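The values are calculated or read from the model by the stated rules, or taken from the named source; none is laboratory data. Predicted model only: the values in this text are computed from it and were never measured. Virtual Cβ from ideal backbone geometry, glycine too; neighbours counted across all protein chains shown. What goes into the accessible areas is simple: the full protein's heavy atoms, side chains included, and nothing from ligands, DNA or RNA. Shrake-Rupley method; radii C 1.70, N 1.55, O 1.52, S 1.80 Å.
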Amino acid sequence: MNKYKKLIVLLLIIVVGVILFIYPKSFKQTYKDVQVFENGKKVRTVDIKLDGKIHKAHWVWQRLKFSEELNGSITIDGEKYFLHPYDLYMFPDENGNFTDNGIYECSLNKDKNESLEDKNIYFFITHDKSTLYIIMENKEFIYPYNTDEDYQKVRERMDSWLQF
């Protein structure tokens, strides 16, 4: 009888561990004074509020782990957009490695259901929430921004993942 109790406790611990592993993690952040660039020139600053969750997505055999996707919404200067994630692990980089390079990528849409449109808005954010980059028509939203070098560094890092 004692063995059965231990087996039940062990199974219960495993079930709770699996549930905690797959349960989405909160991913919320507010960015103050995000720089807005139009055609490469700084025009103003806005506040951006991100309200999302990190979900486990597909099993990546090459990395022996699950990829992660960012779902939720983002409010840019009072307008709400929904995040439609891309799984960056789906295709290898130029070296044949399957990685997301520490970035979540999403398209933004005002409709909760993803729809294909001619004008897409792309959203990039690092896993540690320290860097934000959004492309919207001829506008770019960049955080952090202290110098023109910051603008170029963020833009180059995030643009390298933009796949049209």
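Screening residue 11 with (1) open to solvent by 90 Å² or more (accessible area, probe 1.4 Å); (2) within 25 Å of residue 138 (Cβ to Cβ) gives one miss only, at (2).
Only residues that are under 18 Å from residue 47 (Cα atoms), in contact (Cβ under 8 Å) with a residue 24 or more places away in the chain and either among the basic types (Lys, Arg) or open to solvent by 50 Å² or more (accessible area, probe 1.4 Å) (or both) were counted across the stretch 124-135, and they come to 1. Note on the stretch 99-113: residues that are open to solvent by less than 70 Å² (accessible area, probe 1.4 Å) and at pLDDT below 70 amount to 2. For beta carbons closer than 7 Å, sequence separation of 6+ or different chains, a first residue in the stretch 6-35 that is within 16 Å of residue 68 (Cα to Cα) and a second that is among the basic types (Lys, Arg) and surrounded by 10 or more Cβ atoms within 10 Å (Cβ to Cβ), the qualifying pairs are 22/56; 24/53; 25/53; 26/53; 27/53. What pairs come out if I take residues in the stretch 49-67 that are closer than 16 Å to residue 104 by Cβ and modelled with pLDDT of 80 or more and pair them with residues that are among the aliphatic types (A, V, I, L, M) and open to solvent by 30 Å² or more (accessible area, probe 1.4 Å) whose C-beta lies under 8 Å away, six or more apart or interchain? If the second residue must be among the aliphatic types (A, V, I, L, M) and open to solvent by 30 Å² or more (accessible area, probe 1.4 Å), the pairs left are 56/22. Residue 121 satisfies every condition listed in (1) surrounded by fewer than 16 Cβ atoms within 10 Å (Cβ to Cβ); (2) modelled with pLDDT of 70 or more; (3) touching a strand residue (DSSP E or B) at 6+ places or on another chain (Cβ under 9 Å) except (1). Taken across the stretch 84-92, residues that are at pLDDT 80 or above and either assigned to a loop (DSSP other than H, G, I, E, B) or open to solvent by less than 80 Å² (accessible area, probe 1.4 Å) (or both) do occur, with at least one present. Do we have any residue at all in the stretch 48-60 that's more than 18 Å from the chain's Cα centre (by Cα), among the hydrophobic types (A, V, I, L, M, F, W, C) and either in a loop (DSSP other than H, G, I, E, B) or within 30 Å of residue 137 (Cβ to Cβ) (or both)? No: zero hits.
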